[in-house]
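Chemist: Before I ask anything, here is the structure I am working with.
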Amino acid sequence: MEKGTENIAIAFGFVLREQRTKAGLSQEKLALECGLDRTYISLLERGQRQPTLSTLFRLAKILDVDPSVIVQSIASRISDA
């Protein structure tokens, strides 16, 4: 992964984990609700995979957060780094 892309993936993973725990969901429960595999959620949270736009929207819906909040949180983490 390219360095800038890697930073985005890591920031997304941090934000996803933060939102998931805030929602009180396990990786398993989030995966089940989104129709994804738990290992994929784990890979996302570790910054080893990046979601498609449709996956980002599904995750946001289950986490009960606007997708723009997730994107803004990622942008904030990147600019603070």
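Coordinate-derived values only; no laboratory data. Everything numeric in this text was worked out from a predicted model, so none of it was measured. Neighbour counts are summed over all protein chains in view; Cβ atoms, including those assigned to glycine, are modelled from backbone coordinates with ideal geometry.
Chemist: Please arrange Ile78, Ile10 by how many other C-beta atoms lie within 10 Å of their C-beta, fewest to most. All intermediate terms of the calculation are to be shown ahead of the outcome.
Modeler: Numbers: Ile78 14, Ile10 19.
Lowest to highest Cβ neighbour count: Ile78, Ile10.
Chemist: Sticking with this one: Work out Dmax and Rg for the chain from the C-alpha atoms and quote the Rg first, both in angstrom.
Modeler: 11.7, 33
Chemist: Moving to a separate point now. Give me the percent relative contact order of the chain, please, defined on Cα pairs under 8 angstrom at least 6 residues apart.
Modeler: Values: 71 pairs, mean separation 30.4, N = 81.
Averaging sequence separation for qualifying contacts and normalising by length gives 38 percent for the chain.
Chemist: Using a Förster distance of 22 Å, how high is the FRET efficiency between Thr52 and Ser79, based on the Cβ-Cβ distance and rounded to 0.05?
Modeler: Numbers: r = 24 Å, r/R0 = 1.09.
Efficiency, from the Cβ-Cβ distance: 0.40.
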